[in-house]
Amino acid sequence: MSDILPDEAELWEQFEDTVRDWLRGYGYRPIRMPLVEQTALFTRAIGAVTDIVEKEMYSFEDRLNGDHLTLRPEGTAGCVRAVLQHNLLYDGPKRLWYQGPMFRHERPQKGRSRQFHQIGVEALGFDGPDIDAELILMCQRLWDDLGLEDIRLEINCLGETEERYNHRKELIAYLSKHADKLDADAQRRLHANPLRILDSKNPHMQEIVEAAPKLIDFLGADSLKHFEGLQTLLKDAAISYRINPRLVRGLDYYNLTVFEWVTDKLGAQGTVCAGGRYDGLFEQLGGKPQPACGFGMGIERLLMLWREHGGKAISPSPDVYVVHQGEPAQRFAFRVAEGMRDNGYTVQLHCGGGSFKSQMKRADASGAALAAIVGDDEAAASEITLKPLRQAAQQRRVAFDQLAEAIGELLFEWEDEDGGI
């Protein structure tokens, strides 16, 4: 778990501003859920025999009432819980999004930490492949907005419950014949969650996995129609993709469409965004059946990729830096700074004392366009000396009640000359 220091935090804010504008453009509204949920929510939603539940959740017992609680390892279950609890779908489908920290007890490495941050997007109450396609198209637009390249799309169809059950029987029978070649994780999952074995990264098992029965061969007409409908819409939008029959995702609640956006630029942690359809989750959590689809994207991984493509933080500079010396000047300087802020200017007021020379060095380092200089003489006359810091222009002394207008004239004049300060 890491601190995010100011230079890095400014890059995060730029990314988050882009994300907010992007989601607003598709009609998604924000929702905020707690960091802590009942542990049972995740065991029911994610699946008891998954890496997340078995190995990675930060769970504890509430010392006051004995409740079993967990720091959220992902956001979809909590979002669906909130929608059910507050009956948010009473008047029709909803497009929702959230962001914030998630927690998994994993081995830290590049692109993977125990506290990580996600953007989650959930389209709730929408049936059909059109919303699946929209979610994927949304991602492509964000990659374009950020200038990201080398991100490729992989898709698969997990079918419906009965189809997965028929495939599961064949898969268990096939894998059982090769039980002596399965690693410990695969043997443990053989009867509890055999589909996850197909996602194994163990190089010694790849030949077995490649020859395993493929789920797509067990899909019925409706599932195939849904998958073909998605592909048609992606082709119409000129979105390139690859069907990956081994793409199963690590959460049990998925059905029909699943997808991942992956890159080779981040080493082993190449998935930057993943999601799919989870039509059964509402009923699984005690609500009425509702179609649903969504995705989550890792902020840390996307920022790593963005930096590789030239993304960098732009530290905001104040319009004015106020320097002052002497007690009357200090008291007047506070009025000056607040007066400029009242007129919409960004102002940094020098604090901590020091000579005019040292303060002017600070003013220059701040990146401000102007220094507002206040001495005891200026304070007595209710005037301020404006000194340009970025332009070869003369300083001028102006009255307090004319300060905002004078600053505006200077900034406008320089912007007009340079196309920006």
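Values for this structure:
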{"quantity": "Region 218-261 shape via C-alpha gyration tensor axes, a/c threshold 1.5", "calculated": "oblate"}
{"quantity": "Modelled FRET efficiency - R0 25 Å, ASP127 with ARG20, Cβ distances, 0.05 increments", "calculated": "0.35"}
{"quantity": "Loop-located trypsin sites (Lys or Arg not before Pro) in region 235-331 whose Cβ has at most 14 other Cβ within 10 Å (DSSP)", "calculated": "LYS312"}
{"quantity": "Cα centroid of region 1-73 to Cα centroid of region 138-183, whole Å", "calculated": "23 Å"}
{"quantity": "Normalised contact order of region 320-416, rounded percent, pairs of Cα under 8 Å and 6 or more residues apart", "calculated": "29 percent"}
{"quantity": "Proximal lysines to LYS357, defined as alpha-carbon separation beneath 26 angstrom and excluding residues fewer than eight positions away on the same chain", "calculated": "LYS387"}
{"quantity": "Within straight-line cross-link reach of LYS177, lysines at Cα separation under 29 Å, skipping those fewer than 8 residues along the same chain", "calculated": "LYS55, LYS169, LYS201, LYS214"}
{"quantity": "Region 310-370 shape via C-alpha gyration tensor axes, a/c threshold 1.5", "calculated": "oblate"}
{"quantity": "Linear extension gain, LEU35 paired with ARG307, 0.36 nm per residue minus alpha-carbon span", "calculated": "95.1 nm"}
{"quantity": "Proportion of all alpha-carbon pairs of the chain beyond 43 Å (%)", "calculated": "32 percent"}
{"quantity": "Degrees between helix 356-366 axis and first principal axis of the chain (Cα, 0 to 90, nearest 10)", "calculated": "30 degrees"}
{"quantity": "Length gained when the stretch ARG335-LYS225 is fully extended (0.36 nm per residue, less Cα-Cα span)", "calculated": "32.7 nm"}
{"quantity": "Virtual spin-label span in nm between ASP91 and ASP342, 7 Å along Cα→Cβ", "calculated": "4.1 nm"}
{"quantity": "Using a Förster distance of 35 Å, the FRET efficiency for LYS235-LEU5 (Cβ separation, nearest 0.05)", "calculated": "0.20"}
{"quantity": "Farthest toward positive dipole pole in the chain [+1 Lys/Arg, -1 Asp/Glu at C-beta], among GLY159, LEU403, ILE197", "calculated": "ILE197"}
{"quantity": "GluC sites (Glu not before Pro) within region 1-69, DSSP loop, no more than 12 other Cβ atoms inside 10 Å", "calculated": "none"}
{"quantity": "Cα-based shape type of region 1-131, given that a ≥ b ≥ c are square roots of the gyration tensor eigenvalues and the cut on a/c is 1.5", "calculated": "oblate"}
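The numbers here are math on the coordinates, done by the rules we state, and not lab data. Keep in mind it's a predicted model, so treat the numbers as computed, not measured. Glycine also receives a Cβ, built like all others from the backbone with ideal geometry; neighbour counts cover every protein chain displayed.
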